[in-house]
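The values are calculated or read from the model by the stated rules, or taken from the named source; none is laboratory data. Owing to the predicted nature of the structure, the values given are computational and were not obtained by experimental measurement. When we count neighbours, we look across all protein chains shown, and the Cβ atoms used for this are built from the backbone with ideal geometry, even at glycine. Calculation scope for accessible area: heavy atoms of the full protein, side chains included, ligands and nucleic acids excluded. Shrake-Rupley method; radii C 1.70, N 1.55, O 1.52, S 1.80 Å.
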Amino acid sequence: MISFPGREEVIRRVYDHGQERIFDFWNEISDSEKLRLLDDVESIDFTLLERLFRQAEQGSPPPMGFEPAPYIPLAGEEEGGAEFREARERGRELISEGAVAAFVVAGGQGSRLGFDGPKGLFSAGPVSGKSLFQIHAEQIRKSSEKFGVRIPWLIMTSHSNHDQTVRFLEDNSRFGLDAADVYVFPQGMIPSLDLEGKLILETPSSIFKNPDGHGGSLGALAGSGTLHAMRERGIRIISYFQVDNPLVSIIDPLFIGFHSLRKADISSKGLMKAYPEERIGVFVRFDNGAIGVVEYSDLPEELQKQRDERGRLRYRMGSIAIHLFGVDYLESITGGTDLSLPFHAARKKIGSHTANGIREIDGYKFEKFVFDALPLTERNIVLETKREEEFAPIKNPSGVDSVESAQGLMDARARRWLRERGIDVPPSTAVVEISPLLALEPGDIPASLRVPDRKRVNLEPDKD
Ligand code: UTP
């Protein structure tokens, strides 16, 4: 057994749990590296990892019985929209009172996209080349201007992209947002395991860990003190979204208003699945009455294809990871400490340090999912939204859900908004982009605006 003065207890624990392979390079590392490794190990919950490993090997248990979840349909607006009008009004009031904060989760590793750096730095603007962070920041700025209020922007990073994210935001002066309104904090990390349940070395003196999933965001919000800071600022609702959707409507009066009118703890946006096999989770109501999400991989094929009497998919409301969380509610479930959502295991390739350098091995990464928080409350609603208006995820370098498809959707939405305002787009214009600083909805576009006759047009507000 290896030894290090004063650290006998943690070393013993490693051997007791059969994890001594992490000391394979002990004789090659310096004393400070030894200490770093032991510090790294000190925080590991071996019992939790053993349980997660058993779970990973057995596969996840089938979800509880469920039926399709109820939702507020878009059609409701046309069929007598009194509640819609009231919701929009209520939402505007809440935003103007300064009760709403924006929260982006940006701690993911973006492995499918293969972009070297935090995804928020990825260039998404079809003409401007603006990064995802800039697009989001400008939306928040515009909402702040429209409602005459300072809207805080919370950004969750992970240890591997935190510094780069902070530097990027600072180098760009937070795209015009005040430093006092931007809160950046990292999420938790959890060790990955190899297929024998052993810890993996990333370097000779550090353990391989991965960010603990978007579900780690609620615990990180509380644990970092940001939830408390929001309470102090008078924030009552936190608007949660993912970094890789440039079409997201971050501060949406209608959504916020329904959340408030229906006295919800959590609200979610959903959209009609495009086809049965579409790889998005669906909203369900579990047998115990709680609304939640069942992942596409857990929805049996026969249920995926089931149709109702009107020929629509029965499980048609897909989740797009847009939620509102009540601050009161978040405080009640986090209790000022970490929130315990379940971990899910995924088999992935992991770079393991060996005597011959880094080798790709198969292993398990563990992650929490934010939608597991949904069934924790019965005050939980789903509002249908339009896919073409609000959903353009950038997940892959090409094809489905890629920057190409997202930019196509951004262009199409810009043209639709201009059309709605009666503004012509010259036939020679191939791509149009509308800056969030110009408009967050068609009504924001000045009626006097003329689209210049150019191939690629980025519409920004006049600088005067
Ligand atoms: P995805 O599940 O698409 O993961 O994240 P990803 O890391 O971005 O991409 P892949 O799967 O490696 O290709 C959805 C959202 O959740 C955030 C991501 O940053 C993205 O906004 N996320 C994901 C976190 O903040 N932390 C995590 O641990 C995982």
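Beta bridges from DSSP with both residues in the chain: antiparallel share about 60 percent, rounded to the nearest 5.
Calculate how many DSSP beta bridges within the range 337-464 are antiparallel, expressed in % of all such bridges and rounded to the nearest 5. The answer is about 70 percent antiparallel. Entry note, the chain: relative contact order of 20 percent, from Cα contacts under 8 Å with a spacing of 6+ residues. Relative contact order of the range 224-382, taken over Cα pairs closer than 8 Å and 6 or more residues apart, is 30 percent.
Other residues with beta-carbon under 9 Å from the beta-carbon of residue 130 carry, at +1 per Lys or Arg and -1 per Asp or Glu, a net charge of -2. Under 15 Å from a point 7 Å along the Cα-to-Cβ line of residue 355: which residues of the range 8-36 have their amide N that close? Inside the label zone: 21-29. For residue 348, the accessible area of its heavy atoms, probed at 1.4 Å with every protein chain present, is near 80 square angstrom.
Heavy-atom accessible surface of residue 457, to the nearest 10 Å², is about 0 Å², with a 1.4 Å probe and all protein chains retained. FRET efficiency for the pair residue 24 and residue 195, taken as 1/(1 + (r/R0)^6) with r the Cβ-Cβ distance and R0 = 22 Å, rounds to 0.80. Contact order for the range 31-146, expressed relative to its length and based on alpha carbon pairs under 8 Å spaced 6+ residues apart, stands at 9 percent. Our helix-only sum for the chain, with -39,500 (n - 2.57) per DSSP H run of n ≥ 4 divided by its residues, gives a mean residue ellipticity at 222 nm of -9000 deg cm²/dmol. Over every Cα atom in the chain, the radius of gyration and the widest Cα-Cα span, Dmax, amount to 23.8, 78 Å.
A 1.4 Å probe over all protein chains sorts 313, 35 by accessible area into 35, 313, starting with the largest. Give me the net charge for the shell around residue 307: Cβ to Cβ below 11 angstrom, other residues only, Lys and Arg +1, Asp and Glu -1. After counting each charged neighbour, the total is +3. Per-residue Karplus couplings for the range 437-451, computed as 6.51 cos²θ - 1.76 cosθ + 1.60 with θ equal to phi - 60°, are listed in order as 6, 8, 7, 9, 7, x, x, 6, 6, x, 4, 7, 5, 10, 7 Hz, Gly and Pro entered as x. A cut-off under 14 angstrom between Cβ atoms defines the neighbours of residue 39, and their net charge, with Lys, Arg +1 and Asp, Glu -1, is 0. Counting only protein heavy atoms and a probe of 1.4 Å, the accessible surface of the range 192-333 is 45% carbon and sulfur. The range 9-39 and the range 41-86 have their alpha-carbon centroids 38 Å apart.
A Förster distance of 41 Å, applied to the separation of the beta-carbon atoms of residue 460 and residue 229, puts the FRET efficiency at 0.80.
For 403, 10, the ranking by accessible surface with the largest value first comes to 403, 10, using a 1.4 Å probe.
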